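Below is one structure, written out as structure tokens; the observations come after it.
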Amino acid sequence: MRTATVHIDLNALVDNYGIIKSMAPYSKVLAVLKANGYGHGLVRIAKALPQADAFGVARIEEALELRTAGVIKPIVLLEGVFDDADIAILAANNLQTIVHTNEQLNAILSADIDRPLKVWLKIDTGMHRLGIAPSQFNEFYSALSKSDNVHDDLVLMSHFSCADDLNNQTTSQQFAIFEQLTQQLSNPRSIANSAGICGWQQSHCDWIRPGLMLYGVSPLIGKSSQNIGLKPVMTLQSSVIAIQQVKKGETVGYGAAWQCQENTFIGVIAIGYGDGYPRHASNGTPVLLNGRRVPLAGRVSMDMITVDLGADCQDKIGDIATLWGAELPVEEVATYATTIPYELLCNITRRVKYI
């Protein structure tokens, strides 16, 4: 009998990469692998994508894990460095970094290193999270361009805040600011995330930065992964460990949060929030079992969920249940759990077995 298991389909990953390249054939690809490859396995995903031009991670520890595993592709720290001492580590391990603060700029300019760093200068065009203000651009650009510590191939970048919504004009406004600052320069440029790649072709520029769509999840509001041609890379499964007969009026689970409307059978599946299944998934959240969807019935526990199998139940202990995958998109489960697919993919816990 199987407990919580994640199946990773690396062929689907490669197919998704092909879809991305077909959308932006003239752009280089920075494949985003942060948060353990969106829960899919940092090293596993990197080694399955030798065709990527570079990898993006959030923390220096992730970059060093890739280097230790023998990954030699360019790696970019998408949040930059947090400590001046990290500059020497970047140089020693041939890592690239984003610059988005005065502190990071000064650390690089004053560092004692024997080889120039490859730097990506991040401009805040309206996300108001990371990035220098447009009014600071000339100062930062000049300082980095003149420094012997910075490689000549300085990349200029920004990040969209609303590209998932094709009706939101914020994206056009952000791109206009980015164009105004950078289009007259010969430096390579990057602004398109997954949603930018899918929905805003004019933003592809020299580098694209796919994250979510690499893993087979739609980055656009109102469009499914199937609409875009993407294939889910992760399938989360477990098995039925008990079947209980429940009578009309009886309740199931903590807080008696679900009441039976007619006689039925309840299936208990060995997965819960201790495995990363969302605690706030509501009654009715679908689970795929024996070719049909059965609804969540009662609160998610640490190690178990309960589903309504119906009065004519033919299911058996040991049957495999799919929590999300190709036939049950993670986007749909996320909607029932009032969250986003990113969180579900990233929240898989250590005790879950990967295949």
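The values are calculated or read from the model by the stated rules, or taken from the named source; none is laboratory data. Predicted model only: the values in this text are computed from it and were never measured. Quick reminder, even Gly has a Cβ in these numbers, built from the backbone with ideal geometry, and neighbours come from all protein chains shown. Note: accessible area is taken over every heavy atom of the protein model, side chains too, but ligands, DNA and RNA are not part of it. Shrake-Rupley method; radii C 1.70, N 1.55, O 1.52, S 1.80 Å.
Observations, loosely collected:
- Candidate set from the range 297-319 (those that are open to solvent by 10 Å² or more (accessible area, probe 1.4 Å) and under 26 Å from the mean Cα position of the chain (by Cα)); member that is farthest from Val268 (Cα to Cα): Met302
- Considering the conditions (1) open to solvent by 10 Å² or more (accessible area, probe 1.4 Å); (2) modelled with pLDDT of 95 or more; (3) not in a strand (DSSP E or B), Gln226 is excluded by exactly one of them, (2).
- Consider the range 113-132 and keep the residues that are over 26 Å from the mean Cα position of the chain (by Cα) and at pLDDT 95 or above. The one that is least open to solvent (accessible area, probe 1.4 Å) is Leu117.
- Applying a threshold of 8 Å to beta carbon distances and a minimum spacing of six or more residues, or different chains, the list of pairs starting in the range 3-16 at a residue that is within 17 Å of Ala46 (Cβ to Cβ) and free of Cβ contacts under 8 Å to residues at least 40 places away in the same chain and ending at one that is open to solvent by less than 50 Å² (accessible area, probe 1.4 Å) and part of a helix (DSSP H, G or I) reads Val14/Ala48.
- Qualifying position, being under 19 Å from the mean Cα position of the chain (by Cα), open to solvent by less than 10 Å² (accessible area, probe 1.4 Å) and hydroxyl-bearing (Ser, Thr, Tyr), among Tyr354, Tyr342, Tyr277: Tyr277
- Only one of the numbered conditions (1) among the charged types (D, E, K, R); (2) within 23 Å of Val352 (Cβ to Cβ); (3) without any contact (Cβ under 8 Å) to a residue 24 or more places away in the chain is not met by Arg292, and that is (2).
- Filter result (touching an Asp or Glu at 6+ places or on another chain (Cβ under 9 Å) and part of a strand (DSSP E or B)) within the range 123-139: Ile132
- Evaluation of Gly253 against (1) at positive phi; (2) open to solvent by less than 40 Å² (accessible area, probe 1.4 Å) (one fails), failing number: (2)
Every residue, every condition in (1) open to solvent by 20 Å² or more (accessible area, probe 1.4 Å); (2) modelled with pLDDT of 95 or more, yes or no:
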| position | (1), (2) |
| --- | --- |
| Gln183 | yes, no |
| Ser186 | yes, yes |
| Ile197 | no, yes |
| Gly222 | yes, no |
| Lys231 | yes, yes |
| Ser239 | no, yes |
| Asn263 | yes, yes |
| Gly272 | no, yes |
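- Filter result (assigned to a helix (DSSP H, G or I) and touching a strand residue (DSSP E or B) at 6+ places or on another chain (Cβ under 7 Å)) within the range 201-223: Ser203, Leu214, Tyr215
- Every residue from the range 95-146 that is hydrophobic (A, V, I, L, M, F, W, C) and within 15 Å of Leu77 (Cβ to Cβ): Leu95, Ile98, Val99, Leu105, Ala107, Ile108, Ala111, Leu117, Val119, Trp120, Leu121, Leu130
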